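The values are calculated or read from the model by the stated rules, or taken from the named source; none is laboratory data. Given the structure is predicted, the values throughout are model-derived calculations rather than measurements. Every residue, glycine among them, receives a Cβ derived from its backbone with ideal geometry; neighbour counts consider all protein chains shown.
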């Protein structure tokens, strides 16, 4: 569980939560004034954050442009605070409440003791780059160059940021599939991209090829796919990937593939779009250690891409963080060489957890959509009579004592998510059972 | 040293993809003459040579001695105690706030004014992304190492929205003093910030050059610490021109003699417009842990935090825990850190002077000595060298081959309108963040080579 900030009466701003999904972002607007024409205070625009009460004492800040205009509200932080207040069981946070495997932790400890505590090479410790290459070969059959085609980053979050900042021109169009992981939109705004979203709809969240075809234009620079998909649990099928691939090849479009949940593929085989014909040369495949090895706080991620794309990504990476935590990289190279049995056991454990949650959600009265991968399940909450997902989540915390995530924040158009909420099963079985019990007892259909 | 631009992805297989890939031709056109003349990165060449010759590495700016045991122990304990999921360790902010008060008499709110990042690198990047807009100018003192933006602008091919302009303000040799006139004339209506690059964005060179070697840390080559008077001039200019000051204070505890680290934020009217960035790396010899921070007035910190969350989301969890132990080190830790570095500095200065280098400027801080080549070089014939043959490379190569010691050519630290190429080619940078054994071995090798 994340360590909580101490309570303080002077507290005005919610604590920065470690989990991007629980945090929010603060809204603020762009400075519109020019230098020297206005006095300093007016030159900087006001920020509307939860810390508004503090503003009057200081000159308003200099702000980022519309880079971070679109901002999601502090909904997650509010939920989090509410959850603590009501002692709710948290099935909202997208990270485990159990820890990673000993053999990986021991490798990190050994690396620290062995003095591997200084700067690693910017693009990654060679041993880890090799391990990534080996793993990728095992998974996709592709042979790649560890020196020229692999870049280690501080988590997949940074791989995504580096890909976007390094490869997207201002004004380029990027297509996303909604609902999407919340940092995509904000990071794309930082890159000044134009975002187009194609909605994946229940029950199977299939890709509408017609919508996709009409969305692709000569200005489309990239399509971002996340498979297995957070928050729906969807896994892109071979047919869908082939369709995306042919559009990309025809229109010379890149693909950014976020595949962090690739080892949590339960109901279907995970396919990396980079392995399809004609696709490797235009794909950035991103992954991380955190989800597969339950070590989300180590921040070890990577991007695999052909040299010309790696070059741009590395430029951005070298600016953003320059290099990644050394001892953890050594441990990651050990982790990635784990035998197949590790992955089989991981899947078995998660399948058992999933069964508890899914059966429980159905019994409680939700409309449960099948989740093929990730540790998330999307459900329709409308049987319980709430107006929208946020209201439902508040009700769920206060009256039932369980936390879920309202999904409207994962859409460009929040209306599209108002019937849906997301639960996670990356929790120990006891926690899952307790949550399910509460929901069965206390949720009342209207 | 070229301006850190690789020869580019000439190997792009897909011609169509190349059209949309970074504009390679545009990029190559903007490369400096020096770098275009080179096929391979000179630093790479030097590094390979150093490795082949088994040279002692006084080029890299990170320690070859271990991190303090109590700090390592704290990290190990955190991993074993399952503190491995996403987290924000608020205690770090609390401790930093105390230090700000103790060291600089500055009041910062630990709840709102600190952003913990993956190293000072990320803190700086997030600060730039949070405060600098397209078309803004940023003043940077020279010699320094280029930031990423500079590489972008030079490269011309990276499609980053920023397009900021860096304006280099030359410091005056031999003591790298602030030239007030040049400084003031550098401001324009677009100047947004002044960067106090006491130690700016190191190691960029490694990644950008797509190398196989362990990266260098070419930053703050001169070891200069701005004096109070100089900081007052800079502060007054920032206030008058309504600019931000962005500082990099990673060497805050490695300042020597009477030079106490003074943060510009503590000068009148500066706190509201200063962003301080720093990290654990140099103070605790853990450059590979990636724990740094930005400290700024609440609203600016908030913007920086927003960016940080989208770039990496959080710093490595177990090392955040270890930071608590590190930041609670007793005063003796900091005083012996300083004393140890002073001894190393003095040892290296003595060695370099006695083999013929000119060390005009005894470093006041950081871990580097910027030494000028001897007028009559005992190691090679300097008179044969000319800018056209990139003497800096040749000299450094000689040093590796003959003396078995690797250092960094100083030429690459200068930018902007550099009129005196010959002069700039005469500097070499040595690092002294090395164990006594390493320094003694370097000493022996150099002396035996020159027969002293």
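So which residues in the stretch A:373-402 are part of a helix (DSSP H, G or I) and closer than 19 Å to residue A:441 by Cβ, if there are any at all? The answer is A:383, A:384, A:392, A:393, A:394, A:395, A:396, A:397, A:398, A:399, A:400. The one condition from (1) within 26 Å of residue A:321 (Cβ to Cβ); (2) at pLDDT 90 or above; (3) assigned to a helix (DSSP H, G or I) that residue A:77 does not meet is (2). Quick one: would you say residue A:331 is within 14 Å of chain B (Cβ to nearest Cβ), in a helix (DSSP H, G or I) and either surrounded by 24 or more Cβ atoms within 10 Å (Cβ to Cβ) or free of Cβ contacts under 8 Å to residues at least 24 places away in the same chain (or both)? So residue A:331 passes the test.
In the stretch A:153-173, of all residues being in contact (Cβ under 8 Å) with a residue 40 or more places away in the chain and surrounded by fewer than 24 Cβ atoms within 10 Å (Cβ to Cβ), the one that is farthest from the other protein chains (Cβ to nearest Cβ) corresponds to A:173. The lone criterion from (1) closer than 25 Å to residue A:93 by Cβ; (2) buried (at least 24 other Cβ atoms within 10 Å of the Cβ) left unmet by residue A:284 is number (1). For residue A:438, state whether it is at pLDDT 95 or above, closer than 28 Å to residue A:264 by Cα and in a helix (DSSP H, G or I). In short, yes. Of all residues assigned to the stretch A:419-428, at least one qualifies as being over 23 Å from residue A:184 (Cα atoms) and surrounded by fewer than 21 Cβ atoms within 10 Å (Cβ to Cβ). Going by the structure shown, is residue A:263 out of contact with any strand residue (DSSP E or B) (no Cβ under 8 Å at 6 or more places or on another chain), within 29 Å of residue A:420 (Cβ to Cβ), within 14 Å of chain B (Cβ to nearest Cβ) and at pLDDT 95 or above? No: the conditions fail for residue A:263. Report, by residue number, each residue of the stretch B:265-286 that is over 29 Å from residue B:71 (Cα atoms) and surrounded by 19 or more Cβ atoms within 10 Å (Cβ to Cβ). Once the filter is applied, which keeps residues that are over 29 Å from residue B:71 (Cα atoms) and surrounded by 19 or more Cβ atoms within 10 Å (Cβ to Cβ), the stretch B:265-286 yields B:267, B:270, B:271, B:273, B:274. In the stretch A:285-306, is there at least one residue being under 20 Å from residue A:141 (Cβ atoms), facing chain B (nearest Cβ under 8 Å) and in contact (Cβ under 8 Å) with a residue 40 or more places away in the chain? Yes, because at least one residue in the stretch A:285-306 is under 20 Å from residue A:141 (Cβ atoms), facing chain B (nearest Cβ under 8 Å) and in contact (Cβ under 8 Å) with a residue 40 or more places away in the chain.
Quick check: is even one residue across the stretch A:415-422 under 22 Å from residue A:78 (Cα atoms), free of Cβ contacts under 8 Å to residues at least 12 places away in the same chain and in contact with a helix residue (DSSP H, G or I) (Cβ under 9 Å, 6 or more places away or on another chain)? Yes, there is a match, as at least one residue in the stretch A:415-422 is under 22 Å from residue A:78 (Cα atoms), free of Cβ contacts under 8 Å to residues at least 12 places away in the same chain and in contact with a helix residue (DSSP H, G or I) (Cβ under 9 Å, 6 or more places away or on another chain). Any residue in the stretch A:308-323 that is surrounded by fewer than 24 Cβ atoms within 10 Å (Cβ to Cβ), out of contact with any helix residue (DSSP H, G or I) (no Cβ under 7 Å at 6 or more places or on another chain) and part of a helix (DSSP H, G or I)? No: the stretch A:308-323 contains no residue that is surrounded by fewer than 24 Cβ atoms within 10 Å (Cβ to Cβ), out of contact with any helix residue (DSSP H, G or I) (no Cβ under 7 Å at 6 or more places or on another chain) and part of a helix (DSSP H, G or I).
Can you find a residue that is buried (at least 20 other Cβ atoms within 10 Å of the Cβ), under 18 Å from the mean Cα position of the chain (by Cα), within 22 Å of residue B:121 (Cβ to Cβ) and within 14 Å of chain A (Cβ to nearest Cβ) anywhere in the stretch B:308-321? No; the residues of the stretch B:308-321 include none that is buried (at least 20 other Cβ atoms within 10 Å of the Cβ), under 18 Å from the mean Cα position of the chain (by Cα), within 22 Å of residue B:121 (Cβ to Cβ) and within 14 Å of chain A (Cβ to nearest Cβ). Do we have residue A:136 as part of a loop (DSSP other than H, G, I, E, B), under 25 Å from the mean Cα position of the chain (by Cα) and more than 7 Å from every other protein chain (Cβ to nearest Cβ) here? When the stated conditions are applied, residue A:136 does not pass them.
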